[in-house]
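Scroll down for the structure; my scribbles are underneath it.
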Amino acid sequence: MQKWTGLGRKLKKILNLALLLLLVFQFNNCDKAPSSDPEKLISYLAKPSLALYGDSIVASWPVEEQLSDFNVVKFAFPGIDTSEILSSVQNDKNRYNACLYEGGINDFLGNYSPTQSQVDATINRQIQSIQILLTRCEHVVALNLWNIEFPWPTLAVAMITAEMKERINFVPRIDTELLIQEDMLTDGNHPNKNGYYILSKAVQAQLEPLFPILYLYE
């Protein structure tokens, strides 16, 4: 009898340790700690993790409202270029259920006559970042650039989009130029709330079928 009691205590300790490790992992991969409410905590822990890497587009994305099915963490800052996004990807060592990559416009701010070699360098950095993400994310999605307006670098964006379609074909890619219209932009570049809503729906359509657990809470 004492043998079984001791075994039960050991099993309880193992389960408690496993729960603690799970909590620590989730806290380290999400923006906000979950509520202390047990039901909310269970729901929180059941959500897949989603890491977003990019520039001001990602930084301003209202993910808490529009991508609430995921525990989202952002690695994004206004004004950064693909070199800085690559550094963010390299420096983050955590693993995620899904990751999203966006970026490229800031490489060409004020450059209205981009060369093909400059565009190729941007695409190479995008590919390098995505290939790293593939080593630690279960699923990776890339966002194309959409049509923007002057004084933003319109020619560079058109060239980047064409190259992305040609070369970034090894992960799912959302062709946002087919989704984001002129009236969805605040300044000829950044989406308004409706634009972000359209983006969020496209991301959900790409990711949700990969995570059946999400449909348990509908």
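The values are calculated or read from the model by the stated rules, or taken from the named source; none is laboratory data. Source: prediction; values computed, not measured. FYI the Cβ positions are ideal-geometry reconstructions off the backbone, even for glycines, and counts take in every protein chain you see. Surface accessibility is based on the protein's heavy atoms, side chains included, excluding ligands, DNA and RNA. Shrake-Rupley method; radii C 1.70, N 1.55, O 1.52, S 1.80 Å.
Given Thr115, Thr5, which one is β-branched (Val, Ile, Thr), exposed (fewer than 14 other Cβ atoms within 10 Å of the Cβ) and at pLDDT 50 or above? If you could, list the steps in order and put the result at the bottom.
On the way: Thr5 fails: at pLDDT 50 or above.
Every option except Thr115 fails the conditions.
Restricting attention to region 49-63, which residues are open to solvent by 10 Å² or more (accessible area, probe 1.4 Å) and either touching a Phe, Trp or Tyr at 6+ places or on another chain (Cβ under 7 Å) or hydrophobic (A, V, I, L, M, F, W, C) (or both)?
If we filter region 49-63 for residues that are open to solvent by 10 Å² or more (accessible area, probe 1.4 Å), which is where we start, we get 56, 59-60, 62.
Across region 49-63, the qualifying residues are Ala59, Pro62.
Which one is surrounded by the most Cβ atoms within 10 Å (Cβ to Cβ), of the residues in region 124-169 that are free of Cβ contacts under 8 Å to residues at least 24 places away in the same chain and of a type in the set (A, V, I, L, M, F, W, C)?
Ala158
Keeping to region 189-212, report how many residues are under 17 Å from the mean Cα position of the chain (by Cα) and among the polar types (S, T, N, Q).
Count: 3.
Condition first: within 15 Å of Asn144 (Cβ to Cβ) and not in a strand (DSSP E or B). Now tell me which residues in region 189-198 satisfy that. Walk me through how you get there before you give the answer.
So in region 189-198, the residues within 15 Å of Asn144 (Cβ to Cβ) come out as 189, 191, 195, 198.
Passing the criteria: Asn189, Gly195, Ile198.
Within region 170-177, can one find any residue that is of a type in the set (S, T, N, Q), part of a helix (DSSP H, G or I) and within 17 Å of Tyr53 (Cα to Cα)?
Of the residues in region 170-177, the ones of a type in the set (S, T, N, Q) are 176.
Checking the rest, the ones that are also part of a helix (DSSP H, G or I) come to 176.
Then drop every residue that is not within 17 Å of Tyr53 (Cα to Cα), which leaves 176.
The answer is yes; a qualifying residue exists.
Residues of region 175-213 being crowded, with 19+ Cβ neighbours inside 10 Å and under 22 Å from Asp120 (Cβ atoms), which ones?
Of everything in region 175-213, just one residue is crowded, with 19+ Cβ neighbours inside 10 Å and under 22 Å from Asp120 (Cβ atoms), namely Thr176.
Of all residues in region 165-188, which are within 19 Å of the chain's Cα centre (by Cα) and closer than 16 Å to Ile148 by Cβ?
Correct list: Asp175, Thr176, Glu177, Leu179, Ile180.
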